[in-house]
1. So which of S215, S251, S175 ends up being of a type in the set (S, T, Y) and either within 30 Å of K409 (Cβ to Cβ) or at pLDDT 75 or above (or both)?
2. (1) under 27 Å from S45 (Cβ atoms); (2) out of contact with any strand residue (DSSP E or B) (no Cβ under 8 Å at 6 or more places or on another chain): which one isn't true of L107, the others all being true?
3. Search the stretch 97-146 for residues being among the aromatic types (F, W, Y) and not assigned by TED's automatic domain parsing to the domain that holds H75, and hand back the single one that is nearest to L39 (Cα to Cα).
4. Between residues in the stretch 631-657 that are assigned by TED's automatic domain parsing to the domain that holds G748 and residues that are among the aromatic types (F, W, Y) and surrounded by fewer than 18 Cβ atoms within 10 Å (Cβ to Cβ), which pairs lie under 6 Å by C-beta distance while being six or more apart or on different chains?
5. Restricting to the stretch 395-416, name every residue that is at pLDDT below 90 and within 22 Å of L317 (Cβ to Cβ).
6. Mind listing just one residue for me: the one in the stretch 330-376 that is of a type in the set (F, W, Y) and out of contact with any Asp or Glu (no Cβ under 8 Å at 6 or more places or on another chain) and, of those, modelled with the highest pLDDT?
7. So, restricting to helices (runs of 4 or more DSSP H) that lie completely within the stretch 565-681, which ones have at least 1 residues that are surrounded by 13 or more Cβ atoms within 10 Å (Cβ to Cβ) and at pLDDT 90 or above?
8. Considering only residues that are under 15 Å from I92 (Cα atoms) and surrounded by 15 or more Cβ atoms within 10 Å (Cβ to Cβ), which ones fall in the stretch 48-72?
Amino acid sequence: MIGNDKRKETREDISDDQLRDLINGSGDCVYEMDNHGNLTGFSSSLPKVLGYPADEILHKNIGTFMDARQSRKFHGAFNKVWITHRGFSNLIWETRDKAGNRKIIELSAYLVKNHEGKKLGFRGIARDVTERFKTIRELKEAQRKYEHEFEAKRKARRRTRNLFDFVPYPMVVFSLSGKVTYVNPAFTQVFGWRLEELIGRKIPYFPPGYEKEFSETLKRFKENADATIETKRMTKDGRILDVIIRGQLSSQNTDDHPGELFILRDVTEERRMERINETLFQISRALPGYPVLEDLLDYITDEVKRLLNTEGAVVGLLDEDLKWFSFLGAAYDDRSAQRQIKSVRWPAKKGVMGRVLRTGEPAMVADTRKDPDFSHELDATIGFQTDSLLVVPLEGGENIIGVLTAINKKTGAFDAKDQKLLTMIAGTVALSIENARFSKELTLAYEEVASLNRAKDRIINHLSHELKTPASILLGSLVILGKKLKALPEKKWEATYIRAKRNLDRILEIQYQVEDIMRDREYRSYTVLSIMVDQCMDELESLVAEKVGEGEIVEWLRKRLETEFGPRESKIEEIDLNHFVAERLVALEQDFAHRNVHINSHLEEDVRIYMPPDVLGKVIDGLIKNAVENTPDEGSVDLFVKSREDGALLVIRDFGVGIVLEDRKRIFEGFFSTQETMDYSSKHPFDFNAGGKGADLLRMKVFGERYGFQLNMTSTRCGFLEHLGTVCPGNIDRCEHCRSQDDCINSGGTSFTVLFPENRRAT
């Protein structure tokens, strides 16, 4: 080893001739270096590796053979070995030999110590890896070239597939053996399977009974490139779709081999709507052919069962007392259950059907075991198991006359589309029932109304003609009289003159309205009731004036009447209904603070109407007062404000005792109460059962006629009050029938609905 003498001074353990020969004969170069980086010894192959003579290497600093960047790199590496006593391997040293040729040398190094542990320098191996690195570069270049070519081919295939990716309809490419080679994103979106799941496999999307169709489909497309087939296919989650398939032989697939390309179009919803329309059409056509109501309902329920693919369908009709459901129409796969249910009478307030009757809203039950309202008694009676159901109300006019129920959907669960469809059918069913029940009465009523209408037209024409001339003459004479009376000093005649002129103007207004009605023109309706109120006010003023003369008492009377029934001329303003209702609730809270009745308000934002504020205040105050007075303590009142396409809706619903059927017809007659006088005469406003004589509702009806809003009422008598003589204790806790608040809430109540027409302004 070159530099051996120096090494002997420092290393007594490396003096063996055999070891020296081994090192010098090795393909790798062994080197020694002191702690300053000077080469103190090396094997004979190092000069060849570095490309310098041995005498130009020995005792030279290793930094001589490298640039500044590499010098810093090597200094850090060797310094780390000196400090940590841990060597390194595979340190790459790039340099140039004496002739200027690039050399790449791989170094390893470890710390050299004497027998006392003193650090003396470094020893390691230097290996020429220039050719190896050259080979690696060539391999990398070859790899880059290959990747470039591969990427070019991949992009070419991608460009071909991009066209398919953007096709909005599901697309699938099969090899000639029927294996999937490509599906586009639209296929995944519709059917659920991704390409990774299907490639090289057959798609399991054939519904039962359609497995053999594939080979026949291939044959048809090979025979006719423009063939179109309508069939059914199944999604990954088990849904059955109606599809139209078009296909052709194609070579543009992912394997660059010929295959069969299919384009599918989902027409499930189209076919569904066609079936719905056809069913509704058939039901409408069938109405005259089923004079017996039971036969008609059997036909309708069978169509419902078929259309919704269910195990059963029934129509439950309410009796006249609104206490029981009778199942007049039914269709079941189980014929025994179909026969049994027609003999059942079911309590109207019980189960899911009872909930629909109370709320007026459809009910969709995915699992009857989890629905607290579902009763298994009916199933036990007819020998059937109900797992799921969809119930919608049958609405005849303003009242619910029954329910239409679909039972146990065979595939999937009931959804919003099923509910919409059943609701559409329910409208036809309700109409059919009403027609079947009242067809004869309607015919007779129509004939009577037609006769009365003809007579009315003749009378109105006659009265219009007879009133116009004398009223005009009287008005003209009254104007002349007024001019002459103005010359007199006495002014007591003025009030009488004004009343007379106002009444003549009213007569002419009626006559003009009659003319507009007869000519089908729009007109401002002041009904007979409103006119009568105005006339009564004028008559009272006249009577008082005759007895005591014009003065403060007449003015007081006028203001008092206007307070009760509204001024003759009130300024109509734009009102934010939700804010107005909220303000009235706050103002009234102190009046019913002594009652334990909770008001649940649901006020939709920015609902605007056009009304006189004073009139609107009387309407809202009266309805809230009525609701609180009819609700027992521990009960609640719901108040809603919401917008509709035809205007704004105000609903005040109490959960009180309700009103019996015969009293509902007379509730707006005025000065009529559902209570005996002694029941409320000693009570204060807002006390339970403290109603009045019906003036509030009469006043609201007058306001409705003047300002164009609609006031309606629905009510259900408390089921625990068996007859009119039964009295509610006025507190849920004291009721012997109600075990909870829900029992009272579900037993009865009354709803008043006020519809303010959209953008109704004063004219």
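1. Values: S215 fails: either within 30 Å of K409 (Cβ to Cβ) or at pLDDT 75 or above (or both); S251 fails: either within 30 Å of K409 (Cβ to Cβ) or at pLDDT 75 or above (or both).
Testing whether each residue is of a type in the set (S, T, Y) and either within 30 Å of K409 (Cβ to Cβ) or at pLDDT 75 or above (or both) leaves just S175.
2. With (1) under 27 Å from S45 (Cβ atoms); (2) out of contact with any strand residue (DSSP E or B) (no Cβ under 8 Å at 6 or more places or on another chain) applied to L107, the lone miss is (2).
3. Applying the first criterion (among the aromatic types (F, W, Y)) to the stretch 97-146 yields 110, 122, 133, 146.
From what's left, not assigned by TED's automatic domain parsing to the domain that holds H75: 133, 146.
Values: F133: 26, Y146: 45 Å.
Among those residues, the one meeting the criterion is F133.
4. Qualifying pairs under 6 Å: V651/F640.
5. Residues satisfying the conditions are E395, G396, G397, E398, N399, I400, I401.
6. Of the stretch 330-376, the ones of a type in the set (F, W, Y) are 332, 346, 374.
In the following step, the residues that additionally are out of contact with any Asp or Glu (no Cβ under 8 Å at 6 or more places or on another chain) were identified as 346, 374.
On the way: W346: 89, F374: 92.
Filtering the stretch 330-376 for residues that are of a type in the set (F, W, Y) and out of contact with any Asp or Glu (no Cβ under 8 Å at 6 or more places or on another chain), the one modelled with the highest pLDDT comes out as F374.
7. On the way: elements: 577-589, 613-629, 661-664, 677-680.
The qualifying helices (runs of 4 or more DSSP H) are 577-589, 613-629.
8. V49, L50, I62, G63, F65, M66, Q70, S71
The values are calculated or read from the model by the stated rules, or taken from the named source; none is laboratory data. All values reported here derive from a predicted model rather than from experimental measurement. Please note: Cβ atoms are built from the backbone with ideal geometry, for glycine as well, and neighbour counts cover all protein chains shown.
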